[in-house]
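Step one of this worksheet: look at the structure below.
Where a number appears in this text, it was derived from the coordinates with a stated rule and is not lab data. Because the structure is a prediction, the values reported are computed rather than measured. Positions of Cβ are backbone-derived with ideal geometry, glycine not excepted, and every protein chain shown enters the neighbour counts.
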Amino acid sequence: MIQNFYTQPNFYNRDVIDEFNQLYNYTIDGKDNPAEGVSKTCIVDSVTWQNAKQSLTKLEQLAHHTNTNLFGFNILPFTDFDTINLNTYTSDFESEYGWHNDFILADRIYDNKITVVVNISTEDYTGGEFQFFLNHEMTVPDAPGTVIIFPSWTQHRVLPVTSGQRKSLSFWIKGPKLT
C-alpha cells in the first residue's frame, strides 16, 4: 500500500451535487446500525447500485483507479444489488458518527476493502469535520464535491454538526475475506 487515503477536492461541482440530491430525493426517516459500541446519530437511507450507477460511474472508476495505483486490494465488482448510503448529519440533534472502521463483517464471506465517501451537502454547516486516526487525529478537507477514498480498516469519524446539515454518500468496495 502506497498511501493511507486519497482525496479529490471538487470532484463534483455544485450542479452535479444538486442533481444527486434531486435524483435520490432521500428523506430523513430512519437510522441504520452503527458499528458496535459507537455513537452514530446521523440518519441513513440506502439506494441500490442499480438505481445509482448511472450517476456514479465516474466515481466508481475513480475508486477502482485509486485501488490499482495506491492500495492493490483484490476486489470484487459492484452488482446491481449492492447499496450506497445517503447520510444526513443535522444540527437538530448534533449528528455525529464516532470512531469506527468499516472493515470486518463477521457474518459475511467478504470484507469491505475500500470505503468511498463524497460530501454532497447543499447548505452551509458548521462542525461535521471528517477525521482519520493515523497515529494522531487528522482532519481531512471535506468541502462539498470532495471525494475521500481509503482502506476500510482505517479508523475514521464525523464530528457533531453544530449548525446546518451535512450530507454525504458512502459505499464500500468488497473483496475476499482475509483469513
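Of note:
- Interchain or long-range residues, amide H under 5 Å from GLN155's placed H: PHE133
- Packing-based ranking, highest mean first, of 134-142, 107-115 given that Cβ atoms within 10 Å are counted: 107-115, 134-142
- The string of couplings for segment 87-98 from the Karplus curve (6.51, -1.76, 1.60, θ = phi - 60°) is 10, 10, 10, 10, 6, 3, 9, 6, 3, 7, 9, x Hz, one whole number per residue in order, with x for Gly and Pro.
- Placed amide H near GLY127: partners under 5 Å, 5+ positions off or other chain: THR162
- Amide H to amide H, with H built 1.01 Å from N, SER39 comes under 5 Å of GLY98, counting only residues 5 or more places away or on other chains.
- Converting phi to 3J(HN,Hα) with the Karplus coefficients 6.51, -1.76 and 1.60 and the offset θ = phi - 60°, segment 66-81 yields 4, 4, 4, 9, 10, 10, x, 7, 7, 10, 9, x, 5, 10, 4, 8 Hz in sequence order, with x at every glycine or proline.
- Summed over qualifying helices (DSSP H, 4 residues or more, each -39500 (n - 2.57)) and divided by its residue number, the chain shows a 222 nm mean residue ellipticity of -5500 deg cm²/dmol.
- Cleavage-rule hits (chymotrypsin sites (Phe, Trp or Tyr not before Pro)) in segment 39-95: DSSP loop, at most 12 neighbouring Cβ within 10 angstrom: PHE81
- Label selected from (i) 20.0, 74; (ii) 17.2, 61; (iii) 15.3, 44, the criterion being Rg and Dmax of the Cα atoms in Å as computed here: (iii)
- Distances between every pair of Cα atoms in segment 94-162, grouped in 10 Å steps from 0 to the bin holding the largest one, split as 19, 49, 26, 6, 0 percent.
- Within a Gaussian network of the chain (alpha carbon springs, distance under 10 Å), most fluctuating of LYS40, LYS58, LYS167: LYS58
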